[in-house]
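*Asks:* Dropping a structure here in structure tokens format, bear with me for questions.
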Amino acid sequence: MSALAGLAPPLAAAAVRTLGATLRLTEAGVDALQPRWVRGQPLIYAVWHGRILMVPWLTARLRRTRGARAVRVLASRSRDGELAARWVTRFGLSIVRGSSSRGGADALRALVASVRAGQDVAVVPDGPRGPRERVQAGIVVLAATTGAPIVPLAFAARPARRLASWDRFLVPLPFARAAIVFGAAATVPRHADREAARADIELALRDVTEIADRLVGA
């Protein structure tokens, strides 16, 4: 990794912290999660790829202000995955390394092991390449295998930029109104209809994203 690339994670983290300090933030759904955090029950957070920019900063804030637990996130073994790992660890998140190739079997095994060890994990169910806001099967298998509930999570901001990328990546502008919304935790029974469960998760994520957008007037 070049010296210039090595500077990207700390610079990006500093920029996100500076931006986050200007946001006028509303939180929703946190109170319902606090008893689960106290009990130490592992959770699987799900958030759309296009809404992830501020999530590491928000998780650090919630640990500090609301007693949230530390979260592990998946990063691939690629060069981009290494940069992402170096970035999120600056917000106190830990990393599970796994490849999304070959059907993501090794990534799924790594996440299952983390949840069974009692750790919270965060999953981007339409990443890393889309289709946008379309839940892939991996999170359903993870929840059904471990029994851990899925918590849909959304972030919104207004005013904000939407990049011309496949995921329409959202970048808040300084001093924007912002919202983080947690939906209801839901389990996936081991023998559930996987397609029905996938559709339910997708609907729940769309619902919390709509709520977050409404909270900021987007």
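*Asks:* Simple spin-label model, 7 Å along Cα-to-Cβ: residue 168 to residue 41 in nm?
*Replies:* Placing both labels 7 Å beyond Cα along the Cβ direction yields 3.4 nm.
*Asks:* Quick one: net charge around residue 9, please, counting Lys, Arg +1 and Asp, Glu -1 for every other residue with C-beta under 13 Å from its C-beta. Intermediate values should be presented prior to the final figure.
*Replies:* Working: positive: 17, 79, 86, 90; negative: 80, 82.
Counting the neighbours of residue 9, the net charge comes to +2.
*Asks:* Restricting things to alpha carbons, tell me how big segment 3-215 is in terms of Rg and Dmax, in Å.
*Replies:* 16.2, 49
*Asks:* By Kyte-Doolittle mean hydropathy of at least 0.5 and Cα axial length of at least 24 Å, which whole DSSP H helices of the chain are selected? Intermediate results must be reported in sequence, preceding the final value.
*Replies:* Numbers: long enough: 3-22 (30 Å, 1.20); 194-215 (32 Å, -0.28).
Those that clear 24 Å and a mean of 0.5 are 3-22.
*Asks:* Here's something else I'd like to know. Quick one: if you stick a label point 7 Å off each Cα along the C-beta vector at residue 28 and residue 8, how many nm between them?
*Replies:* Once both label points are built, they end up 3.4 nm from each other.
*Asks:* Then there's this: Report the label-to-label distance for residue 78 and residue 17 in nanometres (one decimal), using points 7 Å from each Cα along the Cα→Cβ vector.
*Replies:* Result for the modelled spin labels: 2.9 nm.
*Asks:* Also, I was wondering about something else. Taking Cα pairs under 8 Å and at least six residues apart, what relative contact order does the chain come out at, in percent? Write down the numbers at each step before the final one.
*Replies:* On the way: 410 pairs, mean separation 56.3, N = 218.
Across the chain, relative contact order equals 26 percent.
*Asks:* Report, by chain and number, residues whose modeled amide H sits under 5 Å from the one on residue 46, excluding near sequence neighbours (fewer than 5 apart, same chain).
*Replies:* Residues meeting the amide H criterion: 123, 151, 153.
Throughout, read-outs are computed from the coordinates displayed, never taken from laboratory work. Bear in mind the structure is a predicted one, so any value in this text is a computation, not a measurement. Backbone-built Cβ (ideal geometry, glycine too); neighbour counts: all protein chains shown.
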